[in-house]
1. Starting from segment A:1-30, keep only residues that are part of a helix (DSSP H, G or I), then list their pairs with residues that are of a type in the set (A, V, I, L, M) and more than 16 Å from RNA strand B (Cβ to nearest atom) whose Cβ atoms are within a distance under 7 Å, requiring at least 6 positions of separation or different chains.
2. Report every pair of residues separated by at least 6 positions or lying on different chains whose Cβ atoms are under 8 Å apart, first residue within segment A:132-157 and within 27 Å of A:Ala541 (Cα to Cα), second open to solvent by 10 Å² or more (accessible area, probe 1.4 Å) and outside any helix (DSSP H, G or I).
3. Quick one: how many residues across segment A:512-544 are within 15 Å of RNA strand B (Cβ to nearest atom), at pLDDT below 90 and in a loop (DSSP other than H, G, I, E, B)?
4. Answer yes or no: is there a residue in segment A:444-456 that is among the polar types (S, T, N, Q) and open to solvent by 30 Å² or more (accessible area, probe 1.4 Å).
5. Would you be able to say whether some residue in segment A:8-17 is open to solvent by 40 Å² or more (accessible area, probe 1.4 Å), more than 16 Å from RNA strand B (Cβ to nearest atom) and modelled with pLDDT of 95 or more?
6. What helices (runs of 4 or more DSSP H) lie completely within segment A:260-372 and have 2 or more residues being within 12 Å of RNA strand B (Cβ to nearest atom)?
7. With the condition kept exactly as written, say whether any residue in segment A:399-412 is outside any loop (DSSP other than H, G, I, E, B) and among the hydroxyl-bearing types (Ser, Thr, Tyr).
8. Here is a check on your reading of the model: is A:Val337 surrounded by 12 or more Cβ atoms within 10 Å (Cβ to Cβ), under 21 Å from A:Met160 (Cα atoms) and of a type in the set (A, V, I, L, M)?
Amino acid sequence: MSMKKVYDHKKTESKWYSFWEKKGFFKPEINPKGKPYTIILPPPNANADLHFGHAMYVIEDILIRYHRMLGDSTLWLPGADHAGFETQVVFEKHLAKKGKSRFDFDRETLYKMIWDFVHINKGNVETQLKRLGFSLDWTRYKFTLDPEIIKIVQKTFKKMYDEGLIYRDYRLVNYCTKHGTSFSDLEVVYEDRKSPLYYIKYGPLTLATVRLETKFGDTAVAVHPDDKRYQKYIGKEIDIQTVIGPKKIKVIADESVDPKFGTGVIKVTPAHSHIDFDIGKKHNLEIRQVINFDGRLNEKAGKFAGMKVKEARSAVAEEMQKKGLIEKIDDKYKNRVGVCYKCGTEIEPLPMEQWFVKIESLAKKAIESVKNGEVSIYPKNFTKVYFQWMENIRDWNISRQIVWGIKIPAWRCLDCKKWVVTNGPTPKKCTHCSGSKLERDPEVFDTWFSSSQWPYATLQTARKGDFEKFYPTSVIETGRDILFFWVARMIMMGIYSTKKAPFKDVVLHGTVLDPLGKKMSKSKNNVVNPLEIVDQYGADAARMALVYGTAFGNDQTLSHPKLQAMRNFTNKLWNIGRFIIDMKPEKVKSAPILNKDDKWILEELDKTTKFVTVSLEKYRFNDAADTLYEFIWHQFADKYIESSKNRREESQPILEKVLGESLKLLHPFMPFITEELWQRLPNKTQDSIMVSEWPIISKK
RNA sequence: GGACGGUUAGCUCAGCGGUAGAGCGCUGCAUUCACAUUGCAGAAGUCACAGGUUCAAAUCCUGUACCGUCCACCA
C-alpha cells in the first residue's frame, strides 16, 4: 500500500498495540536467557481516569523497550491501587451528588458499592495506558485488593506484630472530624493563619494560648525549669478561676517550654496538643479529652458542651472577657495550622488507640541501603532530602477509620481485653485466655502500608519463579512528590520482608503542569486527559514532547507548541520513510563504494547511537531525545538525503541502513511510527522492531 | 525556622569552566522535484543582581532579590 503524504497517527496507532500484545512481546519470556530487567508500574489510583501527568510513565516504557531490545528478560508489571482514603473521598462526592452520604449505608454495602465503582475505573485506566503504547505485561496485572495481595499484607502485619515492630498505643493522632479518620503525619498539610493569641489569667500567672477552648482539658501549667520568674510556683498547686468555676491546677517545670514565648507559661492539655501530650507523659498527667471525634466539646466543658471548636473558642473568649480573665489579645499573631489535605478542615490532635509501626530500626536500614549504594536516587540531590526525612521519621500510624481498604487482622478478646493477631483468618478463641468472645478491629490499613509492599507482593504472586528471577527490581520511576509516601516506605518494608531493597535505582520525575504553569488538580478544573492529547497529536508525539527539551527531574509545562513540533517530527519521519521505502529506485547498487557523504552520515549515526545509549544509561532522557531529533531531521534528512538525490541508486543501501538504525534508536520514544515504518522496510530482520536488536556502535 | 529547585532570545526550556543553544514565534527568500505538519537564509540575549576564585565563569564559591516546592508538634 502506497504511503500517503501526511502521516495519520490514528490509523497506525490503533493497529500495533494489539499486534504486540498478541505476539506476547510484552512478556519477559520472549528473552528467556536474558538477564532480568524489571520495573513495577507505580499503580495508579483506581478511582479516576489518568491525568496527563501519568503519561510520564513513558520514561518507564522507554527504559523497558530499550532493555528489551538489548536482549534482557524484561518485565514491566502493571497494577492498580485501591487508594483507600482517596477513593472513599471520591466516592463520597459521587454519593453527595445523589443526595446521599456514607452514613446512609452499612459497612458491607458501602464497600460493595465502592468496589463496583473502582472496577469500572480500572478498565478506563487500562485503556489509557494502552493508548499511550506502554508495553506492560498484562498477564501479570495486580490489584492491591487481590486476595493474594491482601494475604501478604496481613501476613506482614502479623510478623511485625509478633516481632514487636507493630504495637497498639493510645496516643494523639491527626484526626479529620469531617472525614472521621486519622492520618499519618505526611497527610497533614499546614496553612499560615493569623490567630488571636489570648493572654489569660490562671490565678497568679498569665499565659498565652490560641486554643482557648481546650482549657477544660488542662491538667497542668508548665514553665521552664530555669525561669527565675516562676521558681516559687514549681511543684505547687495554684487556685484558678475558670468560666465554669474555680479549680486547682499544678505547676510543673519542663525543658520544652520556651521562656521567650508569651509569658513563658503554658497550659498543658495532653489530650489536644502533641507537645502537651509528651509533657503529660513525662509528668504522668491525666489525659483529659474535652473534644470529641465529631469536633464538638463534651460534657467536661460544662455549658460549652455540644459546641464546635470554633464556636466554643469565641464563646469562651467572650465569657472570660466578661469575667476579667483575659489580660490582652494579640491579634497579629501568626501560626501554622494543620488541615486535612482533602477538605481543609482543621486537624484535631485527638487521643485514640491505633496501630503503629515502630520505625526506627526500619529507617536505619533504609538509610544504610542508600549510603552503601544498594539503592541510588536520581536526580542525586534528592538523596539529601531522603536522608533528612528518614533521620527525623516518627512512628507510623497505619490505622484508618474508613471502610475502603484491607482489614486489619486483629481481634480484641472481650474477656481479657488482649489482642489476637492472625495472618488473616478469624481466630476461634483468644490465644491468651482461651475466651471465645472476640471482636474484630473495624479499621483498615493505611493504603501506603499495602503499597509499600508492592514490589515483592506483586512478584511473589504473579507467576511461579518471578520473585526469584525479578526481585530486587531494577528501577522504580515515579513523581518526586511521593518519595516519602511511597518510595521511602517501600525501601523500609522491602528490606524488612526480603532482606533486600526492592529496587536498585530510584528515578524521580518532575510534575507536569497545565499550559499556564499551574499544578493540575480536579478542584481547579485544569486536569488534562492524556487521551485528548493522544487523539490530537498522536501517542508518539505526546510521548516525545514529555521527554524532549526539559532536563529530567524538573517540572514542565504542558506545551501545545511543543506537542505540535513533535507531531511535525513524526510527519517528517514518515516522509523520510516514504522517500526511502516507497520511492525506492528500480535499480540499486548492491555493494556501493562509500563516498564522503556516506562516510559522514555513518559516522554521525555512530555518534548518535553512542550518545543515545549513554544518555539512556544515565537517565538523561532529554539528551537522547534532543539528539535523535537533531540527527534525524537536520543531519539525515536535511543534509544527507538532500545530497543523495543525485546519486540515488548508489546511496539507497545507506539510506536504508541509516533509516533502520534510526528507527531502532527512536523506537523506545516513539513506538508506533517506528513500528509502522519498520514493517515496511525491505530489509527488516525481525517480526517487529520491538524485538529487534539495539544498534551497536560499529568498530572503526 | 530549615532544606531544595528555578531566574539564559518575545514565549517554553537545554547547556553547567573555554569567546551563547533548541523548539515555537518573528523577518526575508524558495518550492507542486519525500515532506507547507516543508526547505534555505536571517534578526534577536550585558545568561536576575553584587562580590570573589581562575589565564578563562551562564557554568565554581559567597551574599542579595524575586518565583516555586518540600520538611518542621512552637503553645
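The values are calculated or read from the model by the stated rules, or taken from the named source; none is laboratory data. From a predicted model like this one, the values you see are computed outputs, not experimental measurements. Neighbour counts are summed over all protein chains in view; Cβ atoms, including those assigned to glycine, are modelled from backbone coordinates with ideal geometry. These accessible areas exclude ligands, DNA and RNA; they are computed on the full protein's heavy atoms, side chains included. Shrake-Rupley method; radii C 1.70, N 1.55, O 1.52, S 1.80 Å.
1. Hits for this filter: A:Trp20/A:Met690; A:Pro28/A:Leu75; A:Ile30/A:Val691.
2. These pairs meet every condition: A:Ser135/A:Phe25; A:Asp137/A:Lys27.
3. The total comes to 10.
4. No, that holds for no residue.
5. At the first step, the residues of segment A:8-17 found to be open to solvent by 40 Å² or more (accessible area, probe 1.4 Å) are A:8, A:10-11, A:14-15.
Applying the additional criterion that residues be more than 16 Å from RNA strand B (Cβ to nearest atom) yields A:14-15.
When the remaining residues are screened for being modelled with pLDDT of 95 or more, the result is none.
For segment A:8-17, residues open to solvent by 40 Å² or more (accessible area, probe 1.4 Å), more than 16 Å from RNA strand B (Cβ to nearest atom) and modelled with pLDDT of 95 or more: absent.
6. In segment A:260-372, A:274-283 are the helices (runs of 4 or more DSSP H) which contain 2 or more residues that are within 12 Å of RNA strand B (Cβ to nearest atom).
7. Looking only at segment A:399-412, we keep the residues that are outside any loop (DSSP other than H, G, I, E, B), and these are A:399-400, A:407, A:410-412.
Filter again for among the hydroxyl-bearing types (Ser, Thr, Tyr), leaving A:399.
Yes, because at least one residue in segment A:399-412 is outside any loop (DSSP other than H, G, I, E, B) and among the hydroxyl-bearing types (Ser, Thr, Tyr).
8. Judged against the criteria, A:Val337 is not a match.
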